[in-house]
Amino acid sequence: MDYLDHLEAEAIYILREVAGQFENPALLFSGGKDSITLVHLAKKAFRPGKFPFPLVHIDTGHNFPETISFRDQLVAELGEQLIVGYVQDSIDQGKVVEQTGKNASRNALQTVTLLDTIEQYGFDACIGGARRDEEKARAKERIFSVRDEFGQWDPKRQRPELWNILNGKINKGENVRVFPISNWTELDVWNYIKRENIALPSIYFSHQRDVVLRNGQWMAAAPFLQIDGTDTVDHKSVRFRTVGDMTCTAAVDSEAVELDDIIEEIRSSTISERGARLDDKVSEAAMEERKKQGYF
């Protein structure tokens, strides 16, 4: 067994523990490479049977069209259930107020929609593709990360997981966020994608796109990105290392059109994957504060 075999076996073990310990789990699916990898691992863990959980996507309405198209195609191929929570519904119901201004984004509004979706369907565990190497707040999480009845995360309530023994016991109203690839790195994910020949949305590979320089980073020139006379729209060769709301996810200059090119690009990069996420730059503790409010 090489190191990818060990990482794969650990992730499959965690997914099966979720199925065994929880009554109503879900897999949070963004259409990004990490959640796509989780779906591939779930196929290895549970096929030829059905997944013991639905896929859940919290849709900001400002997602990359390529991601939504890939999501729908993959779900159709899988024959599994997809549940979509819409941030627009939260806005229409007056539960959240949409940001205004040039750097307005719906990304932070996802938290309310996520918590409402968890409550509506009674999910007691939500599986996600977060990894410890992405960001310092995520490095504090356990594999089974308990959230209180308000969906909030308290780093002081983290449980020990000695010898990989996972404790899924929760009180009524609480739920657990589960991270099967927590111990993977960005490079591990890409090496696994190459080994397993996993299909991805086209935006992960270099392509020509209209972009706008915003806060020192290239943003996709989307219809809802507020572009004014001070902005210049360029047409560049770019790709995206991470996928989120288009208003807070920046592209990187790249000519990488093959997996080997991407892997080599990541090896030589001095900027982390989350370095292209503007929502993480609000403050030093931006991610941790959002997690305490119920963000995934």
Calculated [θ] (222 nm, deg cm²/dmol) that DSSP helices of n ≥ 4 give over the chain, each run adding -39,500 (n - 2.57) = -9500 deg cm²/dmol
So which GluC sites (Glu not before Pro) in the stretch 1-80 pass both tests, a DSSP loop state and at most 13 other Cβ atoms within 10 Å of the Cβ?
-> Glu23
Exposed-loop-free span, longest in the chain, where trypsin sites (Lys or Arg not before Pro) count as exposed if DSSP calls them loop and at most 15 other C-beta atoms lie within 10 Å = 173-296
Contour excess over end-to-end distance, with Cα ends at Asn183 and Asn167 and 0.36 nm allotted per residue = 4.0 nm
Among the listed pairs Lys95/Lys140; Lys33/Lys172; Lys43/Lys194, give every one whose C-alpha distance is greater than 24 Å.
-> Lys95/Lys140; Lys33/Lys172
Separation of the Lys102 and Tyr13 label points, Cα + 7 Å toward Cβ, nm | 5.1 nm
If unit charges are put on Cβ atoms (+1 for Lys and Arg, -1 for Asp and Glu) and the dipole of the stretch 18-145 is taken about its Cα centre, the option from Thr111, Cys126, Gln88 lying farthest towards the positive end turns out to be Cys126
Per DSSP, loop chymotrypsin sites (Phe, Trp or Tyr not before Pro) in the stretch 189-261 with at most 14 further Cβ within 10 Å = Phe224
Quick one: which residues, 5 or more positions from Val56 or on another chain, have an amide H under 5 Å from its amide H? H modelled 1.01 Å from N in the peptide plane, none for Pro or chain starts.
-> Leu27, Leu28, Phe29, Ile83
Which residue, chosen from Ile227, Val211, Ala251, occupies the Cα position most advanced towards the positive end of the dipole of the stretch 201-278, where the dipole is computed from +1 (Lys, Arg) and -1 (Asp, Glu) charges on Cβ about the Cα centre?
-> Ile227
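No value in this document is a laboratory result; all are computed from the given coordinates. Source: prediction; values computed, not measured. For neighbour counting, all protein chains shown are included, and Cβ atoms are generated from backbone atoms with ideal geometry for every residue, glycine included.
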